[in-house]
Every structure is written in C-alpha cells, then in structure tokens.
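Novice: Okay, here's the structure, questions in a sec.
Quick note: the coordinates plus some simple rules give every number you see, no bench work behind them. This is a predicted model, so every value here is computed, not measured. Here Cβ is always computed from backbone atoms with ideal geometry, including for glycine, and neighbour counts include all displayed protein chains.
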Amino acid sequence: MAEKVIRKRSSPTGRPNLRDYERECARFDWGKASEQLSGLPGGAGLNIAHEAVDRHVAQGRGGHVALRCVRREGGATSVSYLDLARWTNQFAGVLRRLGVEREERVFTLLGRCPELYVTALGTLKNLSVFCPLFSAFGPEPVEQRLRLGDARVLVTTEALYRRKVAASRDGLPQLEHVLIVGPRAADLPGTMGFEQMVDAAPQTFTIPPTDPEAMALLHFTSGTTGTPKGAVHVHQAVVAHHVTAGYALDLHPDDVYWCTADPGWVTGTSYGIIAPLTHGVTVVVDEGDFDTRRWYRILADERVSVWYTAPTAVRMLMRATPRGGPYDLPRSFDLSALRFIASVGEPLNPQAVVWGDEVLGLPVHDNWWQTETGCIMIANFAACDIRPGSMGRPLPGVKAAVLQQGPDGRAAVVDGKVTVVERPGVDGELALRPGWPSMFRGYLHDRQRYDASFADGWYLTGDLVREDADGYFWFVGRADDVIKSAGHLIGPFEVESALMEHPAVAEAGVIGKPDEVAGTIVKAFVSLKPGHVADGALENELLAFARRRLGPAVAPREIAFDQNLPKTRSGKVMRRLLRARELGLPEGDISTLETAGLVGSGAESEGSR
C-alpha cells in the first residue's frame with residue numbers, strides 16, 4: 001500500500017461535478033438522478049439512444065460534434081449529433097425492414113469506426129439488443145458467443161467475416177443477416193452491404209415506447225470454468241452511465257473525450273459510446289493501433305481534455321518515456337487541453353499514478369467496476385486526494401463492503417448469511433448492495449449462475465480487497481483464477497479447451513504470469529500424449545495453433561511441458577499450485593498468491609478491471 005498521497009488540486013474547469021464527496025454521498029438518490037435525463041417524448045419511457053443522441057438535437061445542440069474520427073492513415077472527420085441522429089435512424093430502419101424485432105440480438109465484430117456507433121445506437125432505437133465482440137477473438141470464441149447469444153444480425157467487415165465467421169456460418173442457423181462494412185466482394189454469399197442498406201433507408205425514425213427494464217445490452221464475460229456468460233443490461237442502465245461519467249470522469253458538455261478501450265469490451269460501450277454521448281461531449285474515435293507518438297499526437301491535435309485509458313497503455317507510455325531521459329517525448333507535444341486522466345481494466349500500480357503526475361502533469365485516477373455492474377462503482381475523483389495504488393472510494397449511490405472470507409477465499413456464507421468486516425486493513429471479498437440502475441439483470445439462459453452471484457442481499461464480486469480507515473479500497477487479488485492480460489479478461493478453461501484439441505495434448509493448465517508491460521500474460525502447462533516429443537518445434541506449433549483458434553489476445557504467450565500436472569482428487573488441474581511453482585511462492589500459502597496481486601482483477605469482468 002503506497003504511503004504517498006497526491007493532494008487534490010483546483011480543476012481547470014473550476015467546477016468539478018463532485019466537489020464535496022461526503023455531502024454528495026449523504027444526499028444522493030437514484031430516483032432524483034434520473035431527472036438529469038429527459039425520457040422519451042410524451043412520457044413514452046426511457047431509451048438509451050434517445051438520451052445519447054436525439055435529446056441533444058431536440059435541445060438545439062445538433063450541430064455540436066459528436067464523433068471526431070481519426071483515420072488510420074492520418075487526418076480526421078467530424079460527425080455532428082444531427083448526423084449521428086440521422087444515420088442511427090437509418091440503421092434502425094434497416095433493422096425494421098429486415099424484420100428484426102425488439103430484444104433480438106445485433107452483434108458487431110468491428111474495430112473503432114463510425115459504423116460501430118451507428119449500429120449500436122440504431123439497434124437500441126429499434127429496441128433490439130446490442131452485443132459487441134472483440135475483433136481480435138479467434139473463430140472459435142466468435143462462433144461460441146454468436147451461438148450463445150442467439151445472434152440474428154452481425155455487422156462486420158469482409159476480412160473479419162472471411163477469417164472468423166464464414167466457415168462456421170452453417171452452424172449458426174439463427175444468424176440470418178450479415179452486413180458488411182466497407183468494400184464487399186461480389187462472391188461473398190449470404191451478406192449485404194452495410195452502406196447500401198443504410199443509404200436506402202429513411203432518415204426519420206420514431207423510437208417506440210421503451211420500458212426502462214427492456215433488455216438493451218448483452219456483454220459476454222469469461223469465467224474460470226464453463227462457457228462465457230452473457231450479462232444482460234437494460235435501458236434503465238443509461239441513468240447510471242450518465243451519472244457515473246459525471247462523477248468519476250468529470251465530464252462536461254464542452255469536453256473532448258477519448259476512451260481508448262476496444263469496442264468489443266464493456267468499457268468501449270458504456271464509456272466509449274453511451275456515457276460520453278449522454279453528456280453531449282465530442283468523442284474521439286481512433287481507427288489506428290497503439291503507437292506512442294500517435295497517441296500523444298492525438299491528445300495534442302484533437303485537444304483532448306478527458307482521457308480514459310488502461311493501465312497497460314500507461315505502462316507502455318512509461319516505458320517509451322522514462323523520467324529524466326535525454327528526450328522527454330510527451331513534452332514535445334502540446335497537452336495543455338488535457339485536464340483529467342482516468343484508468344480502468346486492471347490494477348493500476350502506484351508508480352503509474354506518480355509517473356502521470358510528474359511527467360504529464362496530471363495523476364492517473366484509477367477506478368473499478370465489472371461487466372456485471374455496468375458502470376463505475378469505485379473511483380478516485382477529480383476533487384479528492386489520490387492514494388496511488390488505491391481503487392478509490394465508492395461512488396454516491398453505491399454501497400460497498402468487505403466480507404469475511406471462507407476457506408476457498410470467497411465470502412463465507414453460513415446459513416445464507418455473510419459477515420461484513422468492520423475493521424480496516426482486513427482482506428475479504430468485495431461485495432456491493434444492489435440497487436443502482438445498471439446492475440445486470442441476469443446471465444442469458446443461465447439463471448443458476450446468476451443466482452450464485454448473490455448472498456444475503458449482496459452481490460459478490462469475486463475480487464479480494466481491503467478497506468482502509470478512510471474508506472479507500474485497495475485491490476488484493478482475484479478469488480478465482482480468471483486472468484486479466486492487457487485489460488482483457490481471459491478464462492483459463494477456454495484456453496485449456498482449445499489446447500486440448502491439438503492431437504499432441506493430453507491435458508493443459510493455464511495461469512497468469514506477471515509481465516512488465518501487459519501486467520499479466522497467459523502461460524500454459526501441457527502434458528503430452530504418448531509418441532510426442534516435448535521440444536521447441538512442438539512448442540512453436542502449439543503457440544501457433546492456439547493463436548489460430550483463439551486469437552492473439554487470448555492465446556498463451558508461453559508454453560511449458562509437464563507430464564505431471566498437479567491435480568485435485570477429482571482430477572481437476574490445480575492452477576494455483578502451478579502458479580505458486582512458477583513464481584517460487586509457498587505452495588500451501590494461497591493468501592500469498594492473492595496478495596501478491598498476480599491474478600488479474602475481474603473488475604469489468606470483461607474489460608473494466
């Protein structure tokens with residue numbers, strides 16, 4: 001736990017949205033918070049897309065820039081709120097023409113591009129359900145999620161479709177419509193051109209009455225065992241998106257905002273699309289990949305004022321920008337517009353917070369949430385002191401507690417009851433009292449898993465934390481074996497299953513291994529079937545095999561051969577023991593493993609922490 005405290009400083013705006021933390025927590029009410037939004041005309045309900053786009057047009061801000069799209073090859077184009085309203089109307093019309101009904105699922109497999117925003121918001125206008133996929137997934141994870149989510153529509157590019165969907169299309173009978181963004185070859189059967197369909201649709205669309213509890217978003221999150229879970233969110237979630245972006249990201253209507261999260265993760269939807277647009281800001285959309293100079297140039301050229309990024313990205317910038325070096329890269333760019341930096345996706349080490357303060361002139365504000373929570377739950381705020389290494393304090397309207405642990409590291413549940421840890425500095429499972437609007441409403445087709453997430457009126461996060469005497473929470477570790485690598489949540493079971501499809505592999509065990517840049521990388525231990533030789537050639541073959549099946553973001557980066565994998569009596573590979581041996585830690589002291597911070601946090605369970 002870091003001793004250093006970075007004191008709050010005056011905001012360049014002179015008016016932070018959260019000025020007095022204790023006072024705001026005492027008076028906050030979610031019912032009154034919903035009054036910040038307008039609702040559909042005539043009291044017809046609450047629709048996310050209306051609050052994010054049409055509301056601003058109706059209030060006379062249609063000419064304000066909604067999206068500032070930075071092209072991969074350079075240059076940028078602007079999309080106004082009026083433009084976005086028209087295009088999303090057209091896409092909603094496309095869905096209606098195709099016969100896509102309310103709560104039917106529309107998936108995207110796209111990078112950062114304007115069409116992603118049009119698809120997301122047009123889907124919500126039609127009362128269909130938006131579900132983004134990570135474009136770096138391999139064919140198997142893509143097929144699995146399309147099948148589990150009952151995909152009716154997929155919007156993607158020709159290249160991604162050919163590589164990751166076409167071969168499995170026959171096994172996805174519910175996937176009736178595939179819309180291709182950009183050039184489309186004439187010999188691509190079973191697809192339609194996105195642009196042609198949108199251009200032919202009318203620019204007006206009336207959003208039907210929308211029940212705030214109607215299903216709106218579906219985000220898949222991995223677990224250590226079993227299939228990925230589809231977390232269901234409703235239109236009412238927009239209240240929490242809006243409020244928390246005001247508190248935790250300090251968004252104001254004139255901000256230029258850049259969220260670097262991949263659109264395939266929940267952060268890319270909640271805080272890359274919905275939350276900033278509800279505040280009427282200009283959202284920077286970068287079509288390119290990470291590059292140190294490119295990122296600094298975007299911050300400078302686009303006059304970014306609020307920047308939401310990931311700890312891995314901060315560490316990569318740190319590596320490229322050593323303090324005291326002969327060439328101070330960030331100071332060669334004009335970053336004077338930047339006033340607030342926040343980070344999410346995995347634990348943010350104290351050195352990164354201090355580096356931001358010393359090199360960029362602004363500390364990095366860490367925050368915590370999960371796919372299931374739908375919005376930021378714990379944060380470091382603009383007008384509050386920062387304790388580097390801390391997740392921060394709960395947002396107004398959020399009740400968090402540390403629960404006493406049982407033998408397995410999770411909260412001890414005795415006769416249906418849990419025990420809240422009252423003393424500061426004691427490790428336990430982080431729990432949240434349900435009641436905020438973006439709380440997930442279930443796991444799609446899996447009531448049992450949903451019910452298992454709660455006990456005694458608390459939502460059990462699976463993260464181990466401690467709370468200090470001043471109410472700041474500190475991440476300790478993950479109570480299960482989920483791996484968070486470069487901000488991506490990876491289920492070991494999914495990787496193990498793919499490896500075991502190789503004809504040489506008998507068994508596999510997967511762990512997270514600390515890495516200076518990515519925070520954690522995936523390492524696999526495999527035992528071989530008779531007749532196969534454990535050598536460098538097979539190692540390279542397995543690495544390539546896994547990358548083809550899972551994609552580079554999920555596949556292991558290291559493989560070790562072990563013919564004697566440690567197992568439980570039931571035959572399950574003991575990942576924690578593998579991790580202890582790999583890191584030279586006591587094999588019987590599980591608490592040492594967790595407090596070492598070596599298991600990626602599951603906050604966002606897919607992208608947030």
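Novice: Once phi is turned into θ = phi - 60°, what whole-Hz ³J(HN,Hα) does the Karplus curve with 6.51, -1.76 and 1.60 give for every residue of the stretch 179-184, x standing for Gly and Pro?
Specialist: 9, 9, 7, x, x, 9
Novice: Can you classify the chain as rounded, prolate or oblate using the Cα gyration tensor, where a ≥ b ≥ c are the square roots of its eigenvalues, rounded means a/c under 1.5, and otherwise it's prolate if a/b beats b/c and oblate if not?
Specialist: It is rounded, given that a/c, with a ≥ b ≥ c, falls under 1.5.
Novice: While we're on this one: At q = 0.12, 0.13, 0.18 Å⁻¹, what base-10 log of I(q)/I(0) does the Debye formula yield for the stretch 146-289 when every alpha carbon is treated as an equal point scatterer in vacuo?
Specialist: Results for the stretch 146-289 at q = 0.12, 0.13, 0.18 Å⁻¹ read -0.69, -0.82, -1.36.
Novice: What does the highest-first list of 524-532, 493-501, 372-380, 167-175 look like by mean Cβ count within 10 Å?
Specialist: 372-380, 493-501, 524-532, 167-175
Novice: Which order do peptides 537-546, 506-515 fall in by mean Cβ count within 10 Å, highest first?
Specialist: Numbers: 537-546: 16.0, 506-515: 21.1.
Result, highest mean Cβ count within 10 Å first: 506-515, 537-546.
Novice: Apply the Karplus parameterisation 6.51 cos²θ - 1.76 cosθ + 1.60, with θ equal to phi minus 60°, to every residue of the stretch 472-479 and state each ³J(HN,Hα) to the nearest whole Hz, in sequence, with x for glycine and proline.
Specialist: Ordered by residue, 3J(HN,Hα) equals 7, 9, 10, 6, 10, x, 9, 6 Hz.
Novice: Across the stretch 525-535, in residue order, what do the Karplus-derived ³J(HN,Hα) couplings come to in whole Hz, using 6.51 cos²θ - 1.76 cosθ + 1.60 with θ = phi - 60° and x for Gly and Pro?
Specialist: These are the phi-based 3J(HN,Hα) values: 10, 10, 9, 9, 6, x, x, 10, 9, 7, 9 Hz.
Novice: Any chance you could check the Cα centroid distance between the stretch 262-314 and the stretch 157-178 for me, in angstrom?
Specialist: 29 Å
Novice: What order do you get for 299-305, 254-260, 461-467 when each peptide is scored by the mean count of other beta carbon atoms within 10 Å, highest first?
Specialist: Descending packing order for the listed peptides: 461-467, 254-260, 299-305.
Novice: So what is the 222 nm mean residue ellipticity for the chain from helices alone, if each DSSP H run of at least 4 adds -39500 (n - 2.57) and you divide by all residues, rounding to the nearest 500 deg cm²/dmol?
Specialist: -7000 deg cm²/dmol
Novice: Same structure again: Taking amide H positions as placed 1.01 Å from N in the peptide plane, with prolines and chain starts having none, which residues 5 or more places from residue 515, or on another chain, fall under 5 Å of its amide H?
Specialist: Excluding prolines and chain starts, which carry no amide H, the hits are 520, 521.
Novice: Find the centroid of the Cα atoms in the stretch 477-503 and in the stretch 387-441, then give the distance between the two in whole Å.
Specialist: Result: 25 Å between the Cα centres.
Novice: Along each of the three principal axes of the Cα atoms of the stretch 483-595, give the extent in whole Å, ordering the values from largest to smallest.
Specialist: 39, 33, 24
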